[in-house]
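Q: Dropping a structure here in structure tokens format, bear with me for questions.
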Amino acid sequence: MSKTKRRIIHKLCLHCFHLLWHSLLLLLFLNLPLSLGEANPFHIHCGLRVSKELYAPALGGIMLSIGIRLSIDDFALAIKRPLPLSVGFIAQYVLKPALGIIVAQAFGMPQTFYAGFVLMSCVAGAQLSSYASFLSKSDVAFSILLTSSSTIASVLVTPLLTGLLIGSVVPVDAIAMSKSILQVVLLPVTLGLALNTYAKPVVSVIQPVMPFVAMICTSLCIGSPLAINRAQILSAEGARLIGPVLTFHAVAFAVGYWFSKLPFFRFEEKVCRTISLCTGMQSSTLAGLLATQFLGSTQAVPPACSVVAMAIMGLCLASFWGSGYRIRDIPSLLFLQTASTIKPSQ
């Protein structure tokens, strides 16, 4: 077996394990016995301690894993690809926040979760979108560039959008939020970039384990709001989150794809897929941290549910594209036509 095939199989196994792990984690935290209260040290550690002490370092670990994949050349590349990058930014920071407001109001989102849901739509793309781009045979280099650039821009853009969209619903301290994002996003990314530029031997040692570090850190960020707000999630009000979260991600993938498909952009198919994945898969862990710090722990529930939903939906879409199918094949697949009438594109 060639080295390339082994690397692809390794990536696929890692994605499957990542998906299974977070699905099991979701079930675990939603089934922690509340009656044990403080007698349950696992509940205390994974719930209260993660949110108040480990949430920011955990998210910093995720951002560090992005930073060590960056180089100065990536930013030079951004200057050479202004149009795709600009379209990706518009999809993430204009269309997606508008979609968040529309979905929240259409489903009659309760105030308990409304602000957190809208905040979730105002953050940058998730690093998992780069893995999804690899699976879907999209433009991986552009995905990394777009995710990294939008993550850095979130220091200013996310607080401004949040204050604009939900400032009338709940008080939002945009300056304090910017400082928080600066600490947990920009500093770890900058550290990773510096290591990759000036300490490549160190990066070569830690890079193989960083996907697992990012997975554990993401698990901590998911588990915190789930454990603390288990009662609200399992209530009738919490069940109403399922529809909005799934709808938001499904429409975000579609909007990102078809917006970049507009004729005057003239983008290649793989660029359109990349923008779609980066739009539908956002950094819900960052939204969860900001919600916990500035909006209250219950507002972190929509981002926590979003992490699991966007991972499952995004990787399924990536596998669909990676198998050679295109969006136009979906009606044929839904109507169960025979395999001979549906030929995956090569």
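The values are calculated or read from the model by the stated rules, or taken from the named source; none is laboratory data. None of these values were measured; they are calculated from a predicted model. Note that each Cβ is placed from the backbone with ideal geometry, even for glycine, and that neighbours are counted across all protein chains shown.
Per-residue answers, yes or no, for (1) free of Cβ contacts under 8 Å to residues at least 24 places away in the same chain; (2) over 17 Å from Gln299 (Cβ atoms); (3) surrounded by 17 or more Cβ atoms within 10 Å (Cβ to Cβ):
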position	(1), (2), (3)
Leu70	no, yes, yes
Leu85	no, yes, yes
Ala98	yes, yes, no
Phe113	no, no, yes
Ser121	no, no, yes
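Q: Here is a further query. Those residues that are touching a Leu at 6+ places or on another chain (Cβ under 8 Å) and polar (S, T, N, Q), I need them from segment 126-150; list them, please.
A: Residues satisfying the conditions are Ser129, Ser133, Ser136, Ser138, Ser143, Ser148, Ser149.
Q: Still on this structure: Is it true that Gly100 is within 17 Å of the chain's Cα centre (by Cα) and either of a type in the set (Asp, Glu) or farther than 23 Å from Pro82 by Cα (or both)?
A: Numbers: within 17 Å of the chain's Cα centre (by Cα): yes; either of a type in the set (Asp, Glu) or farther than 23 Å from Pro82 by Cα (or both): yes.
When the stated conditions are applied, Gly100 passes them.
Q: Looking for something in contact with a Lys or Arg (Cβ under 9 Å, 6 or more places away or on another chain) and within 17 Å of Ser86 (Cα to Cα) - is there at least one such residue anywhere in segment 111-122?
A: yes
Q: Please go through segment 99-118 and pick out each residue that is closer than 30 Å to Arg266 by Cβ and touching a Leu at 6+ places or on another chain (Cβ under 9 Å).
A: Once the filter is applied, which keeps residues that are closer than 30 Å to Arg266 by Cβ and touching a Leu at 6+ places or on another chain (Cβ under 9 Å), segment 99-118 yields only Gly100.
Residue by residue, here is whether (1) touching a His at 6+ places or on another chain (Cβ under 6 Å); (2) of a type in the set (Val, Ile, Thr); (3) buried (at least 21 other Cβ atoms within 10 Å of the Cβ) holds:
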| site | (1), (2), (3) |
| --- | --- |
| Asp139 | no, no, yes |
| Ser148 | no, no, yes |
| Leu182 | no, no, no |
| Tyr198 | no, no, no |
| Val202 | no, yes, no |
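Here's the yes/no breakdown for (1) surrounded by fewer than 24 Cβ atoms within 10 Å (Cβ to Cβ); (2) within 15 Å of the chain's Cα centre (by Cα); (3) modelled with pLDDT under 75; (4) basic (Lys, Arg):
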position	(1), (2), (3), (4)
Val213	yes, no, no, no
Arg240	yes, no, no, yes
Thr247	yes, no, no, no
Ala254	yes, no, no, no
Phe265	yes, no, no, no
Leu277	no, yes, no, no
Ala287	no, yes, no, no
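Q: So Ile166 fits all but one of (1) buried (at least 21 other Cβ atoms within 10 Å of the Cβ); (2) aliphatic (A, V, I, L, M); (3) within 26 Å of Phe113 (Cβ to Cβ); (4) touching a residue at least 60 places away in the same chain (Cβ under 8 Å); what number is the exception?
A: Of everything listed in (1) buried (at least 21 other Cβ atoms within 10 Å of the Cβ); (2) aliphatic (A, V, I, L, M); (3) within 26 Å of Phe113 (Cβ to Cβ); (4) touching a residue at least 60 places away in the same chain (Cβ under 8 Å), Ile166 misses just condition (4).
Q: Scan the helices (runs of 4 or more DSSP H) fully inside segment 77-187 and keep the ones with 2 or more residues being in contact with a helix residue (DSSP H, G or I) (Cβ under 7 Å, 6 or more places away or on another chain) and aromatic (Phe, Trp, Tyr).
A: 111-120, 128-135
Q: While we're here: Examine segment 328-346 for a residue that is modelled with pLDDT under 80, in contact with a Lys or Arg (Cβ under 8 Å, 6 or more places away or on another chain) and of a type outside the set (A, V, I, L, M, F, W, C), and state whether such a residue exists.
A: First, pick out the residues of segment 328-346 that are modelled with pLDDT under 80: 328-346.
Remaining after also requiring in contact with a Lys or Arg (Cβ under 8 Å, 6 or more places away or on another chain): 345.
Narrowing further to those that are of a type outside the set (A, V, I, L, M, F, W, C): 345.
Yes, segment 328-346 has at least one match.
Q: When you scan segment 77-135, how many residues do you find that are among the charged types (D, E, K, R) and modelled with pLDDT under 90?
A: Residues flagged as among the charged types (D, E, K, R) and modelled with pLDDT under 90 within segment 77-135 amount to 2.
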